[in-house]
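Single-structure report; data block below.
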Amino acid sequence: MWLERLARLCDRLWAPVLAFIEAVGEHVLLLGHTLLWLVRPPYRLGVLLEAMVFVGFESLFIVGLISLFVGAVFALQLISALRTFQAESFVGATVALALTRELAPVFTSIVIAARAGAGMATELGSMRITEQIDALATMAVNPIQYLVVPRVVAGVIMVPLLSMLFVASGMLGAYVVAVGIQNVDRGVFIENTRWFLDINDILQGLCKATVFGLTLTLISCYQGYHARGGAKGVGVATTRAVVGSFVTILVLDYFLTDLWLTFFPKTRGPR
Amino acid sequence: MVWTPPAEDIFRRSEQWHVRIRGLHKTFGQHQVLRGVDLDIARGKINVIIGGSGQGKSVIIKHIIGLLKPDRGHIVVDGEDIVPMSEYQLNRVRRKFGMLFQYAALFDSLTVEENILFPLIEHGLRGPGHNDGVRRRMSRAEMRQVALEQMDKLRLPHVLLRKFPSELSGGQRKRVGLARALVLRPEILLYDEPTTGLDPVATKNVDDMIRDISQREGVTSVVISHDMASTFRIGDRVSMLYEGRIVESGTPDEIRRSRHRYLRLFVETSGTVQLDPVPDSELVDGDGPGEAPR
């Protein structure tokens, strides 16, 4: 009797772990199918450009606006803290390092997950429940090739580009606040930034943004593609896409940073 | 009682049968939907599959076009078993098919014209003159001409070309869905409950359309329906799905003489079709859920 209870308890405790492993496996499978259908003809450039416009171009304003204020507020906080040690001349360098290595890839990915990822999950989800995905398959058009491949490729290309825009716009915000409002010396701001920042920091950010772009589009497409249960199911898929992308991006960020600092340490400036 | 198919080599291309299904089983979770379906689809005829809601009629046609993989069994299209095929191989077979979904499944982000042209844009080597042996992409003007021809055939006004699916009535959506399914001149057309949600006049129009297309284009049609009047009006062959198996299959006249108790109940309850009288003592029961599969 107690053995049966123990078995049931183990089952119950094991179930979420099993579900997690299953979900990871299914995402990896979708990635495999996506890579397979990416190299197979036909190549639909128009559909890819459309996805790139949706993920990239239509996110320009929101990414630009957010990054401007992230850079500005980060500079403001740093100046307030660094003034205690009369070290406010390092504000430009600190903001630049934080933006290129962490803030730009993470914030950009979160913005894209909330805007484009949610959109993808909703669109694919409603296509699934209204049988439009089945209709594609009946017309001998592979739905993964037509729907998932262009979105994932668009994410991989556009998120790093937007991340670069985030850095530039964030630095502009920091510059305006530091030099224009808080009277940090312009020459020191720029020179310190140039001294501390190197290609390693930029590559670290770009690499992270690429992985995040792949992750968030894959999760969003997976959730939409497998949506079921009518309008409510589409809502659930969208929520899961956004929450899943956020959590995965933040968890991955830690491990990617650790790996990067281990294998590609900086040779100058702060290590 | 279960309908017994003729004992023949199903893997040989047959002039009489276009699609042959044997021993099809499918389970979703704990629910066993198909329990050994045997079914032959007659070439160039209108084959109607009838059965109650949730019996698995749509599951059968989704298997025929390869949208679902069976747990076991064979689906043979023109002598080729599609069950072991990969997605890539299936796409070659799917070009023989056109499908009209229950709610048309039009792409709601595309206009009517873009919906109709979608298969042509994807596989634009067909269309007018596609049998002349010259593989070439159709020009946009040629494609548009094909779209207009399809609309004329299905009596759709040209003003609808620029509209989106959300702006169409139920009947118009079905006709646009049919135009899209027909644009690549398929050999087999699958209709998933084509008259659901339509008023009697629209239902009759859709029936006429199915009959017309079948006669004019010579395509094999598979129609899923639980509209008895419609079934007996258009069907060349009628098959009854009950408890996960085909329990009766034949011409409408043969179905009228059926001794299957559930089939008679199903058809007569509709109140639109009269069956030939059969004494109660001669009626046979269907396979109950508790009976062992063959």
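Please verify whether region B:228-243 includes one or more residues that are assigned to a loop (DSSP other than H, G, I, E, B), surrounded by fewer than 23 Cβ atoms within 10 Å (Cβ to Cβ) and in contact with a Pro (Cβ under 9 Å, 6 or more places away or on another chain). First the steps, then the outcome.
Residues of region B:228-243 assigned to a loop (DSSP other than H, G, I, E, B): B:235-236, B:243.
After this cut, where a residue has to be surrounded by fewer than 23 Cβ atoms within 10 Å (Cβ to Cβ) as well, the list is B:236, B:243.
From the residues that got through so far, the ones that are in contact with a Pro (Cβ under 9 Å, 6 or more places away or on another chain) too are B:236, B:243.
For region B:228-243, residues assigned to a loop (DSSP other than H, G, I, E, B), surrounded by fewer than 23 Cβ atoms within 10 Å (Cβ to Cβ) and in contact with a Pro (Cβ under 9 Å, 6 or more places away or on another chain): present.
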Residue count for region A:172-208, restricted to those that are buried (at least 20 other Cβ atoms within 10 Å of the Cβ), aliphatic (A, V, I, L, M) and in contact with a Lys or Arg (Cβ under 6 Å, 6 or more places away or on another chain):
0
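Does A:Lys266 satisfy being in a helix (DSSP H, G or I), more than 18 Å from the chain's Cα centre (by Cα) and at negative phi?
Judged against the criteria, A:Lys266 is not a match.
Say whether the condition of being farther than 30 Å from A:Gly125 by Cα and either surrounded by 16 or more Cβ atoms within 10 Å (Cβ to Cβ) or among the hydroxyl-bearing types (Ser, Thr, Tyr) (or both) is met by at least one residue in region A:227-245. It would help to see each step written out before you state the result.
To start, the set of residues in region A:227-245 that are farther than 30 Å from A:Gly125 by Cα comprises none.
The answer is no; no qualifying residue exists.
Kindly indicate which of B:Val176, B:Val206, B:Val201 is without any contact (Cβ under 8 Å) to a residue 60 or more places away in the chain, in contact with a Pro (Cβ under 9 Å, 6 or more places away or on another chain) and in a helix (DSSP H, G or I).
Working: B:Val176 fails: without any contact (Cβ under 8 Å) to a residue 60 or more places away in the chain; B:Val201 fails: in contact with a Pro (Cβ under 9 Å, 6 or more places away or on another chain).
B:Val206 is the lone residue from the list that is without any contact (Cβ under 8 Å) to a residue 60 or more places away in the chain, in contact with a Pro (Cβ under 9 Å, 6 or more places away or on another chain) and in a helix (DSSP H, G or I).
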Report every pair of residues separated by at least 6 positions or lying on different chains whose Cβ atoms are under 7 Å apart, first residue within region B:88-101 and more than 7 Å from every other protein chain (Cβ to nearest Cβ) and crowded, with 20+ Cβ neighbours inside 10 Å, second in a helix (DSSP H, G or I) and among the hydrophobic types (A, V, I, L, M, F, W, C).
B:Gly98/B:Ala181; B:Gly98/B:Leu182; B:Leu100/B:Leu178; B:Leu100/B:Ala181
Checked pairs for region A:216-237, first at negative phi, second assigned to a loop (DSSP other than H, G, I, E, B), C-beta under 7 Å and 6 or more apart or across chains, list as A:Gly233/A:Ala227; A:Val234/A:Ala227; A:Ala237/A:Ala227
Could you list, in sequence order, all residues of region B:153-205 that are under 14 Å from the mean Cα position of the chain (by Cα) and at positive phi?
B:Glu193
Here the qualifying pairs (Cβ atoms under 9 Å; residues six or more apart or on different chains; first in region A:42-59 and over 16 Å from A:Gly117 (Cβ atoms) and buried (at least 17 other Cβ atoms within 10 Å of the Cβ); second modelled with pLDDT under 95 and not basic (Lys, Arg)) come out as A:Arg44/B:Glu122
Do we have B:Ile116 as modelled with pLDDT of 85 or more, under 23 Å from the mean Cα position of the chain (by Cα) and either surrounded by fewer than 20 Cβ atoms within 10 Å (Cβ to Cβ) or not acidic (Asp, Glu) (or both) here?
yes
Quick check, is B:Lys26 buried (at least 21 other Cβ atoms within 10 Å of the Cβ) and of a type outside the set (Phe, Trp, Tyr)?
yes
Mind listing whichever residues of region A:83-93 are without any contact (Cβ under 8 Å) to a residue 12 or more places away in the chain and assigned to a helix (DSSP H, G or I)?
A:Arg83, A:Thr84, A:Phe85
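B:Leu189 - would you say it is closer than 17 Å to B:Met209 by Cβ and within 12 Å of another protein chain (Cβ to nearest Cβ)?
Working: closer than 17 Å to B:Met209 by Cβ: yes; within 12 Å of another protein chain (Cβ to nearest Cβ): yes.
The answer is yes for B:Leu189.
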Which condition from (1) touching a Gly at 6+ places or on another chain (Cβ under 7 Å); (2) modelled with pLDDT under 95; (3) more than 30 Å from B:Arg22 (Cβ to Cβ) is the one that B:Arg94 breaks?
(3)
Return only the number of the condition from (1) within 13 Å of another protein chain (Cβ to nearest Cβ); (2) more than 25 Å from the chain's Cα centre (by Cα); (3) over 21 Å from A:Leu35 (Cβ atoms) that A:Ala137 does not satisfy.
(3)
Mind listing whichever residues of region B:182-198 are outside any loop (DSSP other than H, G, I, E, B), more than 15 Å from B:Asp152 (Cα to Cα) and touching a Leu at 6+ places or on another chain (Cβ under 8 Å)?
B:Leu189, B:Leu190, B:Tyr191, B:Asp192
Among (1) out of contact with any Gly (no Cβ under 8 Å at 6 or more places or on another chain); (2) aliphatic (A, V, I, L, M); (3) more than 12 Å from every other protein chain (Cβ to nearest Cβ); (4) over 17 Å from A:Ala98 (Cβ atoms), the one test that A:Ala154 misses:
(1)
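Anything in region A:23-51 that is part of a helix (DSSP H, G or I) and among the hydroxyl-bearing types (Ser, Thr, Tyr)? List them, or say none.
Of the residues in region A:23-51, the ones part of a helix (DSSP H, G or I) are A:23-39, A:45-51.
Selection gives A:Thr34 alone.
Scanning for something away from every other protein chain (no Cβ under 14 Å) and polar (S, T, N, Q), does region A:116-127 turn up at least one residue?
In the first step, residues of region A:116-127 are kept if they are away from every other protein chain (no Cβ under 14 Å); the result is A:116-118, A:121.
Cutting the leftovers down to polar (S, T, N, Q) gives us none.
Within region A:116-127 (the criterion being away from every other protein chain (no Cβ under 14 Å) and polar (S, T, N, Q)), the answer is no, since none of the residues qualifies.
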Is there a residue being under 25 Å from A:Val24 (Cβ atoms), of a type outside the set (Ser, Thr, Tyr), modelled with pLDDT of 95 or more and buried (at least 17 other Cβ atoms within 10 Å of the Cβ) anywhere in region A:159-171?
yes
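Would you mind stating whether A:Tyr146 is within 14 Å of chain B (Cβ to nearest Cβ), touching a Lys or Arg at 6+ places or on another chain (Cβ under 9 Å) and of a type in the set (Ser, Thr, Tyr)?
Details: within 14 Å of chain B (Cβ to nearest Cβ): yes; touching a Lys or Arg at 6+ places or on another chain (Cβ under 9 Å): yes; of a type in the set (Ser, Thr, Tyr): yes.
Spelling it out, A:Tyr146 is indeed within 14 Å of chain B (Cβ to nearest Cβ), touching a Lys or Arg at 6+ places or on another chain (Cβ under 9 Å) and of a type in the set (Ser, Thr, Tyr).
The values are calculated or read from the model by the stated rules, or taken from the named source; none is laboratory data. Computed from a predicted model, the values in this text were never measured in an experiment. Counting neighbours? That spans all protein chains shown, and the Cβs are built from the backbone with ideal geometry, glycine included.
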